[in-house]
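Colleague: One structure, as structure tokens, below. Some questions next.
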Amino acid sequence: SSGINAEYGETFQHYFKQINLSGGAMYRNQYDNDVSVWSPQGRIHQIEYAMEAVKQGAATLGIKGKNYAVVVALKRASSDLSSHQKKIIPIDEHAGISIAGLTSDARILSRFMRTECLNHRYVYGSPLSISRLVSSVGDKAQTGTQIMGRRPYGVGLMVAGCDETGPHIYYICPSSNFYECKCMAIGSRSQSARTYLERHKDEFKNVEDLNELVAHALRALRDCLPNDSELTTKNVSVGYVGRDCTFTVKDDDEVADYLKSIEEEKASGGAAPDGGEEAMETQ
């Protein structure tokens, strides 16, 4: 009996020694097999993995002005033979979303948001407020972070909307947390865009002109590109909503005028964007 116990003791000592040598990697894997398992550090690793999926998605950002909310997004093509993936999805006349992460998860959440808006219009005859819409999505996403056998949604949503209280920009995280923002950028290489937004955030609240707000957004988005790439009509989408207009999406040739304005500005050496810190590309 004592010999068996000694043998098991040596085995466990060897096992934990290997854990320490591997920098805790094996230790961490004991707690990331299911979303309902907490680690001793108070973390849920499955949620953190879902947040990493957002960081690998193409960049998108949103800006809130005095009268408008704007979202812009980079589009990717899986190959030279395929079209670019759409990143901005209309939800209702007064709201839309831009996504970073798994597009399939975004389709599920966008369908839920549309249903919520339609039900509210049918019952009350008025548009659903943006805060209540975002709260409903957060409640739905939260169930995937608590129930065994499910997983968090691997997509970040940038919600642009306008209701009786004015324009709004919300960010909904895979952890089911949501935040109202003056401006926000998510996705691959988005740190450079956030640097630009942080330096100009106090200007946005006084911007009344839609074209000026879109120009700010495109300058920030341009910083998310690799050095050998440029914004084109194929790889960028623009969406906006305001007090005097419904949610509108501009793609392809419809964004040419916006791109032309910032290109002329760059060529003339005018109000060029701040370079910011270049984030490491995650894909």
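The values are calculated or read from the model by the stated rules, or taken from the named source; none is laboratory data. This structure is a prediction, so every number in the text was calculated from the model and none was measured. Cβ coordinates were reconstructed from backbone atoms using ideal geometry, including for glycine residues, and neighbour counts include every protein chain displayed. Ligands, DNA and RNA are stripped out before the accessible areas are found, and what is left, the full protein with its side chains, is counted by its heavy atoms. Shrake-Rupley method; radii C 1.70, N 1.55, O 1.52, S 1.80 Å.
Colleague: What percentage of the solvent-accessible surface of region 40-83, computed with a 1.4 Å probe over protein heavy atoms, is contributed by carbon and sulfur atoms?
Modeller: 49 percent
Colleague: Moving to a separate point now. Taking the Cα centre of region 188-260 as origin, work out the dipole magnitude from +1 charges on Lys and Arg Cβ and -1 charges on Asp and Glu Cβ, in debye rounded to 20.
Modeller: Roughly 340 debye, rounded to the nearest 20.
Colleague: Further question on the same structure: With a sphere of radius 12 Å drawn around the Cβ of Ala141, what net charge do the other residues whose Cβ falls strictly inside it have (Lys, Arg +1; Asp, Glu -1)?
Modeller: Net of charged neighbours comes to +1.
Colleague: How large a share of the accessible area of region 123-255, in percent, is made up of carbon and sulfur atoms when the probe is 1.4 Å and the other protein chains stay in place?
Modeller: Ligands and nucleic acids excluded, carbon and sulfur give 44 percent.
Colleague: Counting only heavy atoms of protein chains, what accessible area per residue, in Å², does region 170-232 have with a probe of 1.4 Å?
Modeller: Accessible area per residue, region 170-232: 43 Å².
Colleague: Let me ask something additional. State, to one decimal in nm, how far the label point of Gln41 lies from the label point of Ser131, with both points 7 Å from Cα in the Cβ direction.
Modeller: About 3.5 nm, to one decimal.
Colleague: Moving on to the next point. Give me the accessible area per residue for region 19-138, probe 1.4 Å, as a whole number in Å².
Modeller: 50 Å²
Colleague: Another question about this same structure. Taking R0 as 35 Å, what FRET efficiency do you get between Arg111 and Ser268 from their Cβ-Cβ distance, rounded to the nearest 0.05?
Modeller: Working from the Cβ atoms, E equals 0.20.
Colleague: On to the next question. At a threshold of 8 angstrom on Cα-Cα distance, excluding pairs fewer than six apart, so keeping six or more, what relative contact order does region 137-184 reach in percent?
Modeller: Computed over region 137-184, the figure is 33 percent.
Colleague: Given the Cα-Cα distance of Glu93 and Gln142 and 0.36 nm per residue of separation, how much length would full extension add, in nm?
Modeller: 15.0 nm
Colleague: List the lysines whose Cα lies under 16 Å from the Cα of Lys201, skipping any in the same chain that are fewer than 8 positions away.
Modeller: Within the straight-line limit of under 16 Å, Lys201 reaches these lysines: Lys64, Lys66, Lys182.
Colleague: With a 10 Å radius around each residue's Cβ, average the other Cβ atoms per peptide and rank 84-91, 162-169, 31-38, highest first.
Modeller: 84-91, 162-169, 31-38
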